[in-house]
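Down below is the structure, laid out as structure tokens.
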Amino acid sequence: MDRTLSRNEAKVVLDLEWRGQRTVTLEDLRSALGASAEYARYVAHRLVRKGWLERLRPGLFQLIPADRGLDAVGDTNPLLAGGMLVNPYFFSFGTACTLHGLTEQVLAEVYVACRVHRRPEDIRGVRYVFVHVRKERFFGFAETSVLGEKVQVATPERALLDALDRPRYAGGIAEVSRMVGRSLPKLAPERLVETLQRWGESALAQRLGYLAELHGAQLPRGLSEALDRLVRPGSKIVLGSRRRWGTSGPLAHRWNVVENVPRDVLVERGAERRRPVRFPREPGRDR
């Protein structure tokens, strides 16, 4: 079908273009048209067939603007579509770690932190995994431009802590360990301290402290002291998933971490011969 517009269809599309709105629901259409829900569904169906809307899921559509031409080329940015599926949200875990260069892995799934429990969705061949984050921990993200579109993304510091908190959403504990070894000096120590203190969880500080020490990181005094304060006396944790790695292993006494993951899994070959990891003296970048 040609990419034409009837009077009512033009009313909807022009309104979306003028307001810069990239997503539209059936309720939006009904309100814009001043019509019934049945007629809104009819208009949505026509606009999809004509290449003005792309269906993301039942009742939710993405506008394909006029500047995409007669071929109606849809947006291929997976984060743009992901940001339309739930609100509030921010991209974190392995997705944000890849965006910030904390890992060289490009994970097949896109991880969306949100405040509701939702099942994964497959859209345009991309699997979106929604990770529930409690209200009090919904912080540490900012609007970021990705492929020309503004989306909400975790800061590098928050992304690394999310990966440490739930490694299964960041390639597993082995990859998270390598992230700490490679990227810790790139982060802003004061922002890492601020995020850790606001998070306030002993297990997270224990994992970070243990992996930093494993990779020979020379931590700034403020970060080292913050980790020591956050570790609760008597809080013993296992490093990796109990189901995957079991519960036995030597105890790293300073951090009270059971090393249930072999060190040769956690450290890249040859990394033990590298120079110690040092933080820059200059303050971290503003974000």
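Coordinate-derived values only; no laboratory data. Because the structure is a prediction, the values reported are computed rather than measured. Cβ atoms come from the backbone with ideal geometry, glycine included; neighbour counts cover every protein chain shown.
Brief remarks follow.
- Reach of Lys135 by Cα under 25 Å, taken over lysines that are not fewer than 8 positions away in the same chain: Lys150
- Its Cα gyration tensor gives the stretch 203-263 an equivalent ellipsoid. The semi-axes, each the square root of 5 times an eigenvalue, are 21, 13, 8 Å from largest down.
- For Phe91, Phe139, the sequence from fewest to most other C-beta atoms within 10 Å is Phe139, Phe91.
- Taking every Cα-Cα distance in the stretch 156-262 and sorting them into 10 Å bins starting at zero, the pair-distance distribution P(r) comes out as 15, 53, 30, 2 percent.
- Applying 1/(1 + (r/R0)^6) with R0 = 41 Å to the Cβ-Cβ distance of Lys150 and Gln218 gives a FRET efficiency near 0.65.
- For q = 0.16 Å⁻¹, Debye-computed log10 I/I(0) when each Cα of the chain counts as one equal scatterer: -1.18
- Cβ-Cβ distance of Thr4 and Val86, R₀ of 41 Å, FRET efficiency by 1/(1 + (r/R0)^6): the value works out to about 0.80.
- Each principal axis of the Cα atoms in the stretch 152-208 has its own extent, and those three values, largest first, are 25, 24, 23 angstrom.
- Annotation: lysines with alpha-carbon distance below 21 angstrom to Lys11 (same-chain offsets under eight excluded): Lys50.
- For the stretch 10-28 versus the stretch 108-147, the gap between their alpha-carbon centres in whole angstrom: 24
- Remark: spin-label model distance Tyr42-Ala142 equals 5.0 nm, labels positioned 7 Å along the Cα→Cβ axis.
- Rg and Dmax [Cα atoms of the stretch 7-74; Å; Rg one decimal, Dmax integer]: 10.8, 30
- Surface/4 of the Cα convex hull for the stretch 1-130, nm²: 9.0
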